[in-house]
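Report on the following structure.
The values are calculated or read from the model by the stated rules, or taken from the named source; none is laboratory data. Note that the structure is predicted; figures quoted are calculated from it, not measured. Virtual Cβ from ideal backbone geometry, glycine too; neighbours counted across all protein chains shown.
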Amino acid sequence: MEKSPIINNPVELKPDFDILEVNEYIKNFVTKLREKLKKLYSYRIDPSTRVEIQTLQGALDSTTENIYHKIDQQLGTNEGGWYENNKTRERFYIKFYKNPDQARIEYIANAIYKKLGIRAVESTLLDMDGKFAIASKEIPGGGQSSYREEQAKSPDIRSGFLADTYLANWDVVGLVFDNIMKDANGNMYRVDNGGSLNFRAQGGLKDFLPNDIPELKNMLNPDFSAGQVFAGITEEELKSQAEHLVQDLSDGDIEEIVKQSGLDEEKAKILKQALVGRKRFLINKFKIDQRPMERIPIAIEKLKEQLDRLKGLELRPRVGIIADADKVENQEIDIIDASDLGRYEINFKLTDNHWETIIKELKEKMELSAPAEIREGAIYYIRAVASGSEQEITKLDWENQYDNRAQMAEAITIEKDGVIIRVSTERHRRSLSGLVHIEVPHENTDISGQQIGLIINNILEEILQIPGGLSVPTPEAEIEYKKARYAWHHKITLDQVPQDMDSKLIRQEVFPGYFTFCEKDKYKKYEKLSPFATYHSLNSTETLSWIIKAGGLLSTHERYRRGLIFNGSSSLQDLETGGADNVFVRTVTLDGLKTTHSHDATINNERGVIIFNPRILDRTDWYAYPVDEYGKTTPEVFIYRQSPEQLFDDQKNGKFSIENEQMFRCGISLSDILAITFRSEEKMFNARKILRAAGIETINGRPVEEMIVLIKTLKDAIDLSGGKTEQLMTLAKFIQENPDEMKRYE
């Protein structure tokens, strides 16, 4: 048979590609494919191949433009119209927004309404005639207009007001009450929800706050149509609706709905944080009892969602839940899926003062207790079995294999009904001071997520004396914690904390399953002090694929507790100093290079250097030293740590050292990796080879060739961090300009 390639010149998609351009490319591809299939009939082919060709032709004939035909003109300001499905004869209103993201936002709003049991149009996203669109299914019975008085009396409408405010659906009823339609039975539907979340109805952007819902007040303004429909709604109604929303819309639901919309990674992350944050605002405002035990089943479902991403890695899934006011470090309790050991592990740290209190009381009880109930012991971290490996089929008895476990800390051990609670008594290894490690067996048992939640809640309240157990911190407790964090981070006293601190700090997921407070866009103020770059030198280029699959860089303690037990360049020393709780980076400022006459200072690491997005300095969980101190947290050294402002000021005043260090708690997310840099073309090609061998073609939605950059000096790193990339050489650019060099390096 004659060889006849369908496409000879595939298109290279850039990270900022336009969806319409991609759709046009796909449409052209389909057209050419049809032509090639027709041509194949002129060849002598066997019957089975002919059947395959016919099947493929049938699939092509089912593309969107052939499924729908237009039957009526557009309504409203956006391009669109009524269409009928040629097969099912169902009618859809298909709308083409100028900005495809508005279609995605409308899809998210409709999906959340559906999840909450609130009647809204059923919608789907599709490509049609090379354009991205949202198709909304016709309301049963065709849909009839409704009037303000009907809407104001309708339980369908009034019972969804809280959800409308949560979604910032300002235009929910329409300017002239035309966004609410009735079906044949008089049920009312929300039909045009494109003005929700961060979009206005006309397509402009609006603020979608993650820590407040001003719409609770603004949408009751009688000067607007929504205020007239929802007039008279009571505080009791609002609380009831808020309880319903919190109960029926889990964080996992938000994750899945946003994922289905197809928003790009960064926009999706911001939107998810806002939706989760607004839900948390409702919990605090209406003092909603979340039934602490219910939080564990949700966490367990989130653990399951991580399995695909971690497949093949010796790394157990982990999620964090926010709990307690002032006795748990970072107000976070972590749950680890150690199913390879037949259990869940709960891992967190007590604050220093509370830890001392608990240790003292447990030691007193130990003297009076039967040995079987409370005794001296140790906390061990055990090597994980890579998910998806053959070893996973048979549970291994790691306990008797010394090489597969590491003793981390001496501990007081309490055993109760098969559950083991270990409280560290370690003072020499500062990263393990205050550590609590709980093991809850679930293999060969019928224990439910709720029962596990009850067990953990009781341990927190009765043994560790944490009032409220797994309950979410009160708004007052969170404000106090924010205040303390802000003062700690900036090295100021509590009375120096600005009045607007509460609105400045927002709790965000900065690494998979780990949350901390961030001061949004603070990095821009640091850039005004001096352009800078924050970077991390790799110990080995071979670790790149692992970092990407794991979701970012992990601290030593994070690796160990999740089962990845190996020593880095200074892991054991970091456990002793307290640095093991952090990922280590360095920062160079332009002022630092100028004052030390280091304009040509080189980056000497041949194994590669990761340059981070400057926004990571928005985080408030990091601290710094002007020289390498191994991240020490001992009081006699910690007192001399730098605040962010001191870091920039010291480098400006001639105190720049290439050995400076900043410590970021737990991990740094893959999404915060701006580029992976090398000093030679050969090293760049080697990195691509390693990533390709691991099946990695893109990083953060960009081809790896655009993420791999040639830089030789610290000044290059600063330019890259600040977006001045015109003179820098990416691997993609090198390949384009030097096609003949490919064979030399591959």
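Output yes when any residue across the stretch 432-455 is in a helix (DSSP H, G or I), modelled with pLDDT of 95 or more and buried (at least 16 other Cβ atoms within 10 Å of the Cβ), and no when none is.
Among the residues of the stretch 432-455, at least one is in a helix (DSSP H, G or I), modelled with pLDDT of 95 or more and buried (at least 16 other Cβ atoms within 10 Å of the Cβ), which makes the answer yes.
Taking only the stretch 615-658 into account, find how many residues are more than 23 Å from Asp574 (Cβ to Cβ), out of contact with any Lys or Arg (no Cβ under 9 Å at 6 or more places or on another chain) and outside any loop (DSSP other than H, G, I, E, B).
3
Would you please list the contacts, defined by Cβ atoms under 6 Å and residues six or more apart or on different chains, that run from a residue in the stretch 440-469 that is closer than 17 Å to Ala325 by Cβ to a residue that is in a loop (DSSP other than H, G, I, E, B)?
Sorted first by the residue in the stretch 440-469, then by its partner, the pairs are Asn457/Gly469; Asn457/Leu470; Leu460/Ile466; Leu460/Gly469; Glu461/Gly469; Ile466/Asp324; Ile466/Lys327.
Here's the yes/no breakdown for (1) buried (at least 17 other Cβ atoms within 10 Å of the Cβ); (2) small (Gly, Ala, Ser):
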site: Asp207; (1), (2): no, no
site: Ile213; (1), (2): yes, no
site: Ser225; (1), (2): yes, yes
site: Val229; (1), (2): yes, no
site: Thr234; (1), (2): no, no
site: Leu249; (1), (2): yes, no
site: Ile254; (1), (2): yes, no
site: Gln260; (1), (2): no, no
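Mind listing just one residue for me: the one in the stretch 657-715 that is of a type in the set (D, E, K, R), over 23 Å from the mean Cα position of the chain (by Cα) and closer than 26 Å to Arg619 by Cβ and, of those, surrounded by the fewest Cβ atoms within 10 Å (Cβ to Cβ)? It would help to see each step written out before you state the result.
Restricting attention to the stretch 657-715, the residues satisfying the condition of being of a type in the set (D, E, K, R) are 659, 661, 665, 672, 679, 681-683, 688-689, 692, 697, 702, 705-706, 712, 715.
Narrowing further to those that are over 23 Å from the mean Cα position of the chain (by Cα): 659, 661, 679, 681-683, 688-689, 692, 705, 712, 715.
This time we only want the ones that are closer than 26 Å to Arg619 by Cβ, so: 659, 661, 715.
Values: Glu659: 10, Glu661: 21, Lys715: 19.
The residue in question is Glu659.
Name the helices (runs of 4 or more DSSP H) wholly within the stretch 556-613 that hold at least 3 residues that are under 30 Å from Asp340 (Cβ atoms)?
Numbers: elements: 556-561, 571-577, 590-595.
In the stretch 556-613, 556-561, 571-577 are the helices (runs of 4 or more DSSP H) which contain 3 or more residues that are under 30 Å from Asp340 (Cβ atoms).
For residues that are under 22 Å from the mean Cα position of the chain (by Cα) and of a type in the set (Phe, Trp, Tyr), scanning just the stretch 184-211, find the one that is nearest to Asn99 (Cα to Cα).
If we take residues in the stretch 184-211 being under 22 Å from the mean Cα position of the chain (by Cα) and of a type in the set (Phe, Trp, Tyr), then Phe199 is nearest to Asn99 (Cα to Cα).
List every residue pair whose Cβ atoms sit under 9 Å apart, with the two residues 6 or more apart in sequence or on different chains, where the first one lies in the stretch 178-201 and is in the same structural domain as Tyr97 (by TED's automatic domain parsing) and over 19 Å from Ala274 (Cβ atoms) and the second, anywhere, is among the charged types (D, E, K, R) and in a strand (DSSP E or B).
Asn179/Arg190; Ile180/Arg190; Met181/Arg190; Met188/Lys182; Tyr189/Lys182; Asp192/Lys95
Give me the pairs, please: first residue somewhere in the stretch 518-544 and assigned by TED's automatic domain parsing to the domain that holds Asp591 and under 21 Å from Gly723 (Cβ atoms), second residue anywhere and buried (at least 17 other Cβ atoms within 10 Å of the Cβ) and among the small types (Gly, Ala, Ser), beta-carbon distance under 8 Å, and either six or more positions apart or on two chains.
Here the result reads Ser530/Gly592; Pro531/Ser721; Phe532/Ser721; Ala533/Ala717; Ala533/Ser721; Thr534/Ser721; Tyr535/Ala717, each pair linking the stretch 518-544 to a residue that is buried (at least 17 other Cβ atoms within 10 Å of the Cβ) and among the small types (Gly, Ala, Ser).
Considering each of Tyr625, Tyr630 in turn, give the residue that is at pLDDT below 95, in the same structural domain as Thr602 (by TED's automatic domain parsing), under 30 Å from the mean Cα position of the chain (by Cα) and of a type in the set (Phe, Trp, Tyr).
Tyr630
Applying the selection to the stretch 483-503, what residues are out of contact with any helix residue (DSSP H, G or I) (no Cβ under 8 Å at 6 or more places or on another chain) and crowded, with 18+ Cβ neighbours inside 10 Å?
Correct list: Arg485 only.
Could you please give the count of residues in the stretch 456-482 that are part of a helix (DSSP H, G or I) and of a type in the set (Ser, Thr, Tyr)?
1
Step by step: first the residues of the stretch 588-608, then only those that are of a type in the set (Gly, Ala, Ser) and at pLDDT 80 or above, then the one that is surrounded by the most Cβ atoms within 10 Å (Cβ to Cβ). Which residue is that?
Taking the stretch 588-608 and keeping what is of a type in the set (Gly, Ala, Ser), we get 592, 598, 601, 608.
Keeping just the survivors that are at pLDDT 80 or above gives 592, 608.
Working: Gly592: 27, Gly608: 24.
Looking at the filtered set, the residue picked out is Gly592.
Collect the residues in the stretch 323-360 that are without any contact (Cβ under 8 Å) to a residue 40 or more places away in the chain and either in contact with a Pro (Cβ under 6 Å, 6 or more places away or on another chain) or of a type outside the set (A, V, I, L, M) (or both), keeping them in residue-number order.
Those that are without any contact (Cβ under 8 Å) to a residue 40 or more places away in the chain and either in contact with a Pro (Cβ under 6 Å, 6 or more places away or on another chain) or of a type outside the set (A, V, I, L, M) (or both): Asp337, Asn353, Glu356, Lys360.
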